[in-house]
Every structure is written in C-alpha cells, then in structure tokens.
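Every number in this text was worked out from the coordinates using simple rules, so none of it is lab data. Quick caveat, the model's predicted, so the values are computed rather than measured. Positions of Cβ are backbone-derived with ideal geometry, glycine not excepted, and every protein chain shown enters the neighbour counts.
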Amino acid sequence: MPRLQLARSSAWTPALLVVLVVSSLILSTSMGIRQSLGLFLDPVVRGAGVSVATFGLAMALQNLFWGIGQPAMGALSDRYGGRIVVLLAALCFAIGLWLMSLGTGFGLFFGGGVLIGLAVAGTSHGVLVGILSRLAAPSVRALAISILAAAGSLGTFVIAPASQGLLDRIAWDTTLLLLAALAAAMACLAVFFKRNGTSSAGPAERPDARRAIGEALRHPGYVAMTLAFFACGFQLIFVATHLPKFVAICGLAPSVSANAIALIGIFNAVGTLVVGRLGERYGNKLILALIYVFRTVAIACYAFLPVSMESTLAFGAAMVFLWLSVIPPVSSLLNAMFGPTNFGALFGVMFFSHQVGAFLGAYLGGLAYDVSGSYTMAWLSLVIVGILAAVIQLSMDDRPSQPGKAFA
C-alpha cells in the first residue's frame, strides 16, 4: 500500500499540476459562459424583437457546431498540442459574444451559433481532457480527469448568478461585452500548454485520427456509448436553454433559474469527484448508465410535479451527480478501450452525437413552446430519450480494442 501511494505521489509532477490548474480555469470559464447564455433568452427576445424559437435555433446551431468542430479540434490538439487550439478558440469566443451583443440576426446565428459553438469545442473537455490524459500517468489519470471536470463546474456557480446580477442592473448587450472580455482572457492561459501533443511520460504512439476513428467505429461498445451520449446532450442543453423561460412561465423570479443553474455548477463539482471514484470501484459502464437513470427521474419529478422556488432549487441540487459527471466515466472508458493517444479525435466523434441531441433539445424545445404554448411535450421527450439511453449504455461492450480483431 505505501508503495502504491508513493507511486501515485511521484506521478503528480509540477508540469501535470500546472496543466491541471490552467485547464481547470479555461474549462470553468468556457462552461460558465456557455451555461449562462440561457439567461439571455428573455432579454434578447424583448430587446432584439426575435421569437423564442429563433433564440432556441441560434443556441441549437451553437451546439451543432460545437459537435461538428469537436473532432477537428480534438485531432488538432492530439497532433499539435493545445496551445494554438485554445488560443484561437478563445478569440472566436470573444468575437462571437460581441456579435451577439449587436442584436442582429447575423450576430445571433453566426456569432452566438457558429463562432461560439466552434469556440466551446476548442476550450472544453474534448481538448482539455485529451491534454491531461496524455500528460498524466495511468495511476493518477482518472483522478486528474475527475478534478478537471469538477473544477470546470465551478465557473457556472460564479458566472451564472453574476450574469443575472448584471442583467438586472445594466443592458443585456453590455453584459455580453463583459463576458466577451472574460472569454478573451482564456487566450492568455494557452501559453502554458505545449506546442506539440507528445506525452511527457515517455515515447508515445503517433496520433492518427483517421485510423483511430475507423477502429473505434468497428467497436460495438464505442458505438453504443456514442448513441447513449445523444440523450446527454438532448436533456442537458434543453435545461440550460429553456429552464429560465420555464421558470418565468411558472411565475418565479429570473434569479431563481440563475441560482438553480449555479447550484448545478457547485454541486456537480462535488458529484463529479464522487462519480469518478464510484467508477473506479464499481465500473464506469454501470455508473454511466445509472447517471442517465437518475437524471431522467429528476427531470420527470421536476417537470410533472408542482413547480416552486424550492422545487426548482432542489432540481438544481438533484443534478449534483448528473450534469458534467458523465465526463470521468466516459473519459475512463475511452482511455481503457483505446488509450490516450487519439483521445481528442475519438471523444470528438462521440461528442458529435451529444451535440446532435443538444441541437434538437434546444431547437425542438423552443418550437414545442411556440406551437403548443407549453413545454409539456418537450419534458416528456426528455424522459423517453433518457430511458432508452440508460438501456443502451448498460448493454455496451467495454472490452479494450484489439486492432485487426472483430468483436463477437
């Protein structure tokens, strides 16, 4: 036991700790801004004269381009390192928020949709977890990823209520400009990443995204996990985009939804660490399936029982293990099945499925409201999709990939 503890202690090198801290700051900022954009739905609808469906479509485009850009961003980071990817993505983030602040259709769709979608792809888990996975020794890799995912949740706890506070005091377009300045600051942190994607742990396999993706698509477990990940995006982005509007319909103050989103951020930081530990002990496949089950139960209870300030805050707290806590088990499964060399590309392809779900969750949620005047059908679809995802995830084959060999 002491020998194992010594090995783990020596694995926490200064380079790993620096990258972990920097990655956490970038992820926290990126996710905090991204998760707060739903708070702008009503202000933008009133101030720019657009419909709920139009705003929903812009957020849907954002998630779609996040998914489209993730395989490319991940592959570029695998091959050339995270510095250039994060630098360019941070600048895209700032420009996208500036364009949104103009209040035009072009600004909303191209800035808030396309540019921010690509920017999040370069400043989120697909790139940052890949950087960390290649640098961390296997003995501490799962824990390092859990810490990163947990720290990345803290930005929502700070940025969501801060954004709502600004919206209560100043114009929505000025608030977006302040967020743009915050996004630009991420570019300064990119200098701490290496120029290339090699591992400090020793000689590594040369990244080959095309070969790795082809191999993964022949693995039934990877395909199953990719299909189940659709539900993750469908559920979470619907909540992030439409919860403020749903809360307003129920007669609650805007600060309630902001605080609920903030609760998701802070409690999820704890939940992500716990889920990472549970995955090591009971198996990541089982834990990931249970996340889908419990998330679906939480959504059903909140949507179809009387809504109050207490139930809304309880819903935010109930997502403690259920928001970004999928990242440790998903990342651990990918690393165990295929290794860390092409993590960015493989996570990116899988994440595209997540973002197709996110696109539909954001857009169809707004469309359902505009057509029917309520979110009832949208909430019901979240429950159905979540149940299907849990069944698919539980049945996945998580055996390590063996190149050239077919799975029975």
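Listed values, structure above:
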quantity	calculated
Positive-end extreme of charge dipole, the chain - chosen from 316, 192, 158 (charges on Cβ)	192
Dipole of the range 5-140, positive end: most advanced residue of 20, 44, 89 [Cβ charges, Cα centre]	20
Sequence ranges 76-86, 384-394, ranked by mean other-Cβ count within 10 angstrom, highest first	76-86, 384-394
215, 280, 310 arranged by Cβ crowding within 10 Å, fewest neighbours leading	310, 280, 215
Mean ellipticity per residue at 222 nm, deg cm²/dmol - from DSSP H runs of n ≥ 4 across the chain, formula -39500 (n - 2.57)	-26500 deg cm²/dmol
In order through the range 379-392: 3J(HN,Hα) via Karplus (6.51 cos²θ - 1.76 cosθ + 1.60), integer Hz, x for Gly, Pro	4, 4, 5, 4, 5, 4, 5, x, 5, 4, 5, 4, 5, 5
Under-5 Å amide H pairs with residue 81, H placed in peptide plane, nonlocal only	197
Dipole magnitude of the chain about its Cα centre (Cβ charges: Lys, Arg +1; Asp, Glu -1), debye to nearest 20	1060
Most to least packed among 44-53, 342-351, 227-236 [average Cβ atoms within 10 Å]	342-351, 227-236, 44-53
Nearest 10 degrees, 0 to 90: helix 343-372 Cα axis against the chain principal axis	20
Given charges at Cβ of Lys, Arg, Asp, Glu: the chain dipole, positive-most of 129, 382, 58	129
Integer Hz, Karplus 6.51/-1.76/1.60 couplings in order for the range 212-221, x for Gly and Pro	5, 5, x, 5, 5, 5, 8, 9, x, x
Spin-label model distance (nm) - residue 184 vs residue 270, 7 Å beyond Cα toward Cβ	3.8
Phi-based couplings in Hz for the range 26-36 (Karplus 6.51, -1.76, 1.60; Gly and Pro marked x)	5, 5, 4, 5, 4, 6, x, 5, 4, 6, 8
Full-stretch length increase - residue 313, residue 104 - with 0.36 nm per residue and alpha-carbon distance subtracted	71.9 nm
Mean separation of Cα contacts under 8 Å, 6 or more apart, over the residue count of the chain: relative contact order %	28
Separation in nanometres of the label points that stand 7 Å from Cα toward Cβ, at residue 21 and residue 206	3.6
